[in-house]
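The values are calculated or read from the model by the stated rules, or taken from the named source; none is laboratory data. Quantities reported herein were computed from a predicted structural model and do not represent experimental measurements. Please note: Cβ atoms are built from the backbone with ideal geometry, for glycine as well, and neighbour counts cover all protein chains shown.
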Amino acid sequence: MLTFKRLPDKQPYNLKVITPATIDPVTLAETKTFSRITGGIEDDLLTSLITAATKKAENYCGSGFINRTLRMTMDCSPWGSFLELPIGPLVSISDIKSVDDDDSENTFDTSNYYIANSDDTYLTGVQLKNGSSWPTDLRDKDAFFVEFVAGFGASQDDIPDIIKTAIKIIVEDLNENRENVRGDIPRMAKDLLNDYKNFRI
């Protein structure tokens with residue numbers, strides 16, 4: 001079970017997807033078996049519903065299921081020694097950069113920090129090493145960048161079965177209640193996803 005701790009103060013940030021996930025966590029065949037659907041007349045619709053259901057589940061959890069690369073941008077260096085990332089689980093840090101008053105871009109050396117994963121600290125992010133400090137004398141806006149990879153893995157086999165079941169429940173609900181414009185997540189799916197919810201979002 002993943003557990004995420006809410007920080008007392010949220011530092012403002014912008015988040016951009018650099019490389020999106022290339023597949024959905026569940027297959028069309030898995031979804032049809034779960035919902036006892038035969039035939040292929042509505043395969044295109046079901047495929048689009050899988051994508052929509054995945055997005056709903058990811059937004060609810062504040063997580064990325066299939067690996068994707070993201071960039072977090074802030075106007076200044078992190079406020080404390082630990083920088084919690086808004087999307088997990090954290091796979092790797094691709095790059096940390098800052099931009100100084102002269103608009104010069106500088107790479108923050110990997111020797112200054114380490115990855116703190118939820119498995120051992122109940123947080124997901126970047127921790128400064130003892131004796132290190134974040135860059136200073138930065139420009140006023142868009143001055144600090146963290147590019148990272150988040151997700152449970154690159155393949156559908158890496159996704160926890162509970163998450164996959166929740167997505168299939170959401171797909172079934174969307175398919176059976178097409179008049180539901182809001183498309184609320186069914187309670188059963190929420191109950192399954194709660195163990196993977198990032199409460200910082």
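Observations on the model:
- Among the residues of the stretch 129-171, those identified as under 30 Å from Leu49 (Cβ atoms) and touching a Phe, Trp or Tyr at 6+ places or on another chain (Cβ under 7 Å) are Gly151, Phe152, Asp158, Ile159, Pro160, Ile163, Lys168.
- Candidates Ser111, Ser94, Ser132 - the one that is hydroxyl-bearing (Ser, Thr, Tyr), touching a helix residue (DSSP H, G or I) at 6+ places or on another chain (Cβ under 7 Å) and loosely packed, with under 15 Cβ neighbours inside 10 Å: Ser132
- Selection count, the stretch 56-79, where residues are surrounded by fewer than 14 Cβ atoms within 10 Å (Cβ to Cβ) and within 12 Å of the chain's Cα centre (by Cα): 1
- Restricted to the stretch 23-142, the set of helices (runs of 4 or more DSSP H) holding at least 2 residues that are of a type in the set (Ser, Thr, Tyr) and under 26 Å from Val171 (Cα atoms) comprises 28-34, 43-61.
- Pairs linking a residue in the stretch 63-80 that is more than 24 Å from Asp100 (Cα to Cα) to a residue that is of a type in the set (Val, Ile, Thr) and not in a strand (DSSP E or B), with Cβ atoms under 8 Å and 6 or more positions apart or on different chains, are Ser63/Ile87; Gly64/Ile87; Phe65/Thr54; Phe65/Ile159; Phe65/Ile163; Ile66/Thr22; Ile66/Ile23; Ile66/Ile159.
- Within the stretch 38-53, residues that are surrounded by 14 or more Cβ atoms within 10 Å (Cβ to Cβ) have Cβ atoms under 9 Å from residues that are at pLDDT below 95 and of a type in the set (Ser, Thr, Tyr) in these pairs: Leu46/Ser35, counting only partners at least 6 apart in sequence or on another chain.
- Residue identified as at positive phi and at pLDDT 90 or above among Asp43, Asp103: Asp103
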